[in-house]
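K.L.:
Dropping the structure in here first, questions after.
The values are calculated or read from the model by the stated rules, or taken from the named source; none is laboratory data. The structure displayed is predicted, hence computed values, not measured ones. Ideal geometry is used to build each Cβ from the backbone, glycine not excepted, and the neighbour counts take in all protein chains shown.
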Amino acid sequence: MKTTIRAFASFVTLTAMAAPASAAAPLSAQQILTQFNLVTLGNAVSNNQQVDGRSFIGGSLNGGVFGARPGAMGSSDYAGLTVMGSANGMQVNGQGAVIMGSLSNSIVNQGSSSVLGGAVNNHFNGPSYVAGPSANNQFNGGKLSQATAAAQAANSTDFAASIKGLSTSLSQLASTGSTVNISDGGQGNRVTFSAVANSQGLAVFDLSSMDKQIFSKGEFAFDLKGANTVIFNVDETSLNFASNFLNGSASELGSKVIWNFHQATDLTIHNQFGGVILAPNATLNNFNTIQGSVLVNQLNQGGKISWNGFTGNITTAVPEPATYAMLLSGLGVVGWLARRRRA
């Protein structure tokens, strides 16, 4: 058995050595949550609003200020802003940009950049590479002869598969006994969420039987009781709400709470909101500050998206697809070695 384990270890090592040294590793769902403030699978439009942390736009982008808090973003193979389509009228203040399509009328104030399509009327204040014509740009940080490493990282992760898989997996978690109290008298318009965490500090709320009623109320109060990761599973397909998060709780929730709108196709939020918004099939319209990350299909941004830094742990609740792949690969190799030994 020891020989088999050593052979498997050698196989894994050789496989790793065969991979290109410069290739960025795919991100797990946990890494996406800890590295990104905004992920859209499709297009994003911003009304000159700010995203504090790192962003990935799977389609085209129009407007917005990105990487507004460079010091809060932490390390990543990805640039401060990655756009898989074209971008226009935006500004990046930290860790550079990667634009896979064309770029126009934009400013990159800090960090290296790569534009793989055409570029016109842009200000690059850090070292930059532009694959297409570049005569009408200002290269204040100098020109690069090749694309940055962050440009290679842009294609290393299947964001759609990862966040859709995460949303589906979280939706299947059973309630940990967390409760919801809806008050129609006295305070009248209040919903109180009381968490019950399991031994790993995970609390799960199943809101499926009352989500329309909950999001019709004007006040949300929270008692997390020390839970370090909190999941709210919501199965409504369309929600338009303006609930107030009481006692400054929105800021606290941004680092540990995931609102899993796993069936939503349309979300509109009018008031300040706290927590990660996970809605991979939805178009989100926000008109106020979101304290936490946003992972959606498309975005119409009318309010700031603030980086709180996700500190929760989803790996104990939802094994990563990569873990399954490695396990199956390992079992396959061990089985092959065992058959060969018997032969």
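K.L.:
Report, by residue number, each residue of segment 110-121 that is in a loop (DSSP other than H, G, I, E, B) and either surrounded by fewer than 24 Cβ atoms within 10 Å (Cβ to Cβ) or in contact with a Phe, Trp or Tyr (Cβ under 9 Å, 6 or more places away or on another chain) (or both).
P.N.:
Going residue by residue through segment 110-121, those that are in a loop (DSSP other than H, G, I, E, B) are 110-112, 116-118, 121.
Answer for segment 110-121, where residues must be in a loop (DSSP other than H, G, I, E, B) and either surrounded by fewer than 24 Cβ atoms within 10 Å (Cβ to Cβ) or in contact with a Phe, Trp or Tyr (Cβ under 9 Å, 6 or more places away or on another chain) (or both): GLN110, SER112, LEU116, GLY117, GLY118, ASN121.
K.L.:
Which residue, of ALA150, ALA131, is surrounded by 20 or more Cβ atoms within 10 Å (Cβ to Cβ) and of a type in the set (A, V, I, L, M)?
P.N.:
Just a single option satisfies the conditions, and that option is ALA150.
K.L.:
While we're on this one: List every residue pair whose Cβ atoms sit under 9 Å apart, with the two residues 6 or more apart in sequence or on different chains, where the first one lies in segment 85-109 and is surrounded by fewer than 19 Cβ atoms within 10 Å (Cβ to Cβ) and the second, anywhere, is of a type in the set (Phe, Trp, Tyr).
P.N.:
ILE107/PHE124
K.L.:
Search segment 276-321 for residues being part of a loop (DSSP other than H, G, I, E, B), among the hydrophobic types (A, V, I, L, M, F, W, C) and under 14 Å from the mean Cα position of the chain (by Cα), and hand back the single one that is nearest to GLN50 (Cα to Cα). Please lay out each step first, then the result.
P.N.:
Step one: filter segment 276-321 for residues part of a loop (DSSP other than H, G, I, E, B), giving 287-289, 292-293, 302-304, 307-320.
Within this subset, residues satisfying the condition of being among the hydrophobic types (A, V, I, L, M, F, W, C) are 287, 307, 310, 314, 317-318.
When the remaining residues are screened for being under 14 Å from the mean Cα position of the chain (by Cα), the result is 307, 310, 314.
On the way: TRP307: 10, PHE310: 18, ILE314: 27 Å.
The residue in question is TRP307.
Table: residues versus (1) in contact with a Lys or Arg (Cβ under 9 Å, 6 or more places away or on another chain); (2) in the same structural domain as ASP77 (by TED's automatic domain parsing); (3) among the hydroxyl-bearing types (Ser, Thr, Tyr); (4) at pLDDT 95 or above.
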position: LEU103; (1), (2), (3), (4): no, yes, no, yes
position: ILE107; (1), (2), (3), (4): no, yes, no, yes
position: GLY111; (1), (2), (3), (4): no, yes, no, yes
position: VAL115; (1), (2), (3), (4): no, yes, no, yes
position: ASN125; (1), (2), (3), (4): no, yes, no, yes
position: GLY132; (1), (2), (3), (4): no, yes, no, no
position: PHE139; (1), (2), (3), (4): no, yes, no, yes
position: THR148; (1), (2), (3), (4): no, yes, yes, yes
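K.L.:
Within segment 192-211, restricting attention to residues that are more than 19 Å from THR237 (Cβ to Cβ) and of a type in the set (Gly, Ala, Ser), which residue is surrounded by the most Cβ atoms within 10 Å (Cβ to Cβ)?
P.N.:
So, considering only residues that are more than 19 Å from THR237 (Cβ to Cβ) and of a type in the set (Gly, Ala, Ser), the one surrounded by the most Cβ atoms within 10 Å (Cβ to Cβ) is ALA203.
K.L.:
Still on this structure, I have one more. Suppose we filter ASN181, ASN136 for residues that are surrounded by fewer than 16 Cβ atoms within 10 Å (Cβ to Cβ), touching a Ser or Thr at 6+ places or on another chain (Cβ under 6 Å) and not aliphatic (A, V, I, L, M); which single one remains?
P.N.:
ASN181
K.L.:
Ok, one more. When you look at SER238, is it on the phi < 0 side of the Ramachandran plot, of a type outside the set (Phe, Trp, Tyr) and in contact with a Phe, Trp or Tyr (Cβ under 6 Å, 6 or more places away or on another chain), yes or no? Break it down stepwise before answering.
P.N.:
Working: on the phi < 0 side of the Ramachandran plot: yes; of a type outside the set (Phe, Trp, Tyr): yes; in contact with a Phe, Trp or Tyr (Cβ under 6 Å, 6 or more places away or on another chain): no.
It is false that SER238 is on the phi < 0 side of the Ramachandran plot, of a type outside the set (Phe, Trp, Tyr) and in contact with a Phe, Trp or Tyr (Cβ under 6 Å, 6 or more places away or on another chain).
K.L.:
A further question follows. Determine, yes or no, whether LEU61 is surrounded by fewer than 24 Cβ atoms within 10 Å (Cβ to Cβ), over 19 Å from ASN308 (Cβ atoms), among the hydrophobic types (A, V, I, L, M, F, W, C) and out of contact with any Lys or Arg (no Cβ under 6 Å at 6 or more places or on another chain).
P.N.:
Spelling it out, it is not the case that LEU61 is surrounded by fewer than 24 Cβ atoms within 10 Å (Cβ to Cβ), over 19 Å from ASN308 (Cβ atoms), among the hydrophobic types (A, V, I, L, M, F, W, C) and out of contact with any Lys or Arg (no Cβ under 6 Å at 6 or more places or on another chain).
K.L.:
Within segment 69-91, which residues are of a type in the set (A, V, I, L, M, F, W, C), in contact with a Lys or Arg (Cβ under 9 Å, 6 or more places away or on another chain) and at pLDDT 95 or above?
P.N.:
Passing the criteria: ALA79, LEU81.
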